[in-house]
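Here's the structure, in structure tokens; my notes come after.
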Amino acid sequence: MNFLQDSLEGFLAREHRVVIVDITAARGSAPRDQGTFMLVAPTEIHGTIGGGQLEYVAIENARKLLAEVGGEATLDIPLGPEIGQCCGGRVELAFTFADEEARRALDRRRAEEERLKPQVWVFGAGHVGRALAEALTLLPLKVFVVEARETELDQLTSGVHHRLAAMPEALIADIPAGSAIVIVTHDHALDFLIGRQALERRDLAYIGMVGSKSKRGTFLRYLEEQGVERGEADRLVLPIGGNAVDDKRPEVIAAMTASEVLLAFAQWRKAA
């Protein structure tokens, strides 16, 4: 069994006999929500409905269907002692053969999920920017990295959308509402310029900048000179990543910042 997940398209192109396992209802405490799905082939899987005994039962049932030795089209599974779990909830599963029509439906579903992904715009592709891009691409987010230096963009992975821009601040106005902006360029003056433009937007879920307490003080004085009210400036997270972990390595800053961004998106959805 291959646990290294490739893309949905890659999996379906490689596997010709597949069962789609859908969570059609989730009540109480459950490992994943309604609408979550996974794909089961004779020897491999793609995605997860939560792991543990629930997933084991689902995979076993799907492979019985594939082998035509039994299996059920639906299962109603209590997440309790009956299957060796203690979540306390209940999950209903539907099992569908991935024929051509079902595969087209999966493509539409994936496209819609992609369209609805929150966007994160990272300005700067230096050490922190690259580490942050790597961390964010593991999450259900659409990640864009903007940089004025092509040599830095060349070091990013293919899962990140690259934008080469001589004037990165000019892109701020066109970023979709509800997005997150993280400013980690190589130039404090450019950071301030981008931050100033971002704070003019009141419809962003998160605005953050790499730096320190002293950099924040300098930036606040800059904003004051620009006529920006202190209340507006308080919407900026600076430094990103907080101070709960005293570790300035790019990968650590990236991990802590990714957590901040996810929390900001959750709060944005609640407020919407």
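For segment 196-229, a residue qualifies if it is within 23 Å of the chain's Cα centre (by Cα), surrounded by 15 or more Cβ atoms within 10 Å (Cβ to Cβ) and not β-branched (Val, Ile, Thr), and the qualifying residues are Ala198, Arg201, Leu204, Ala205, Tyr206, Gly208, Met209.
Residues in segment 7-23 that are more than 23 Å from Thr74 (Cα to Cα) and of a type in the set (Asp, Glu): 1 in all.
Collect the residues in segment 202-241 that are among the β-branched types (Val, Ile, Thr) and touching a strand residue (DSSP E or B) at 6+ places or on another chain (Cβ under 9 Å), keeping them in residue-number order. Ile207, Val210, Val237, Ile240, listed by residue number.
A single entry from Gly28, Gly52 fulfils the requirement of being surrounded by 13 or more Cβ atoms within 10 Å (Cβ to Cβ), more than 22 Å from the chain's Cα centre (by Cα) and farther than 23 Å from Arg104 by Cα: Gly52.
Conditions tested, residue by residue: (1) in contact with a helix residue (DSSP H, G or I) (Cβ under 8 Å, 6 or more places away or on another chain); (2) surrounded by 16 or more Cβ atoms within 10 Å (Cβ to Cβ); (3) of a type outside the set (Asp, Glu).
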{"residue": "Glu232", "(1), (2), (3)": "yes, no, no"}
{"residue": "Leu236", "(1), (2), (3)": "yes, yes, yes"}
{"residue": "Pro239", "(1), (2), (3)": "yes, yes, yes"}
{"residue": "Asp246", "(1), (2), (3)": "no, no, no"}
{"residue": "Pro250", "(1), (2), (3)": "yes, yes, yes"}
{"residue": "Trp268", "(1), (2), (3)": "no, yes, yes"}
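Which number in (1) assigned to a loop (DSSP other than H, G, I, E, B); (2) modelled with pLDDT of 90 or more; (3) surrounded by fewer than 15 Cβ atoms within 10 Å (Cβ to Cβ) marks the one condition that Thr157 misses? Result: Thr157 passes all but (2). Does Ala98 satisfy the criteria of being hydrophobic (A, V, I, L, M, F, W, C), surrounded by fewer than 18 Cβ atoms within 10 Å (Cβ to Cβ) and not assigned by TED's automatic domain parsing to the domain that holds Thr185? When the stated conditions are applied, Ala98 does not pass them. For segment 91-124, a residue qualifies if it is assigned to a loop (DSSP other than H, G, I, E, B) and either modelled with pLDDT under 90 or under 30 Å from Tyr56 (Cα atoms) (or both), and the qualifying residues are Ala98, Asp99, Lys117. If you filter segment 133-154 down to residues that are under 16 Å from Ile181 (Cβ atoms) and among the charged types (D, E, K, R), you find that the one that is surrounded by the most Cβ atoms within 10 Å (Cβ to Cβ) is Glu147.
Elements of the type helices (runs of 4 or more DSSP H) sitting completely within segment 182-272 and holding at least 3 residues that are more than 24 Å from Phe144 (Cα to Cα): these cover 213-225, 230-233.
Please go through segment 31-75 and pick out each residue that is farther than 13 Å from Val91 by Cα, among the hydrophobic types (A, V, I, L, M, F, W, C) and touching a residue at least 40 places away in the same chain (Cβ under 8 Å). Scanning segment 31-75 gives Leu39, Ile45, Ala62, Leu65, Leu66. The combined condition, being touching a strand residue (DSSP E or B) at 6+ places or on another chain (Cβ under 9 Å), closer than 24 Å to Glu114 by Cα, in the same structural domain as Leu262 (by TED's automatic domain parsing) and modelled with pLDDT of 90 or more, is fulfilled by Arg130.
The values are calculated or read from the model by the stated rules, or taken from the named source; none is laboratory data. Note that the coordinates shown come from a computational prediction; the quantities given were computed from them, not determined experimentally. Using ideal geometry, Cβ is built from the backbone for each residue, glycine included, and neighbour counts are taken over all protein chains shown.
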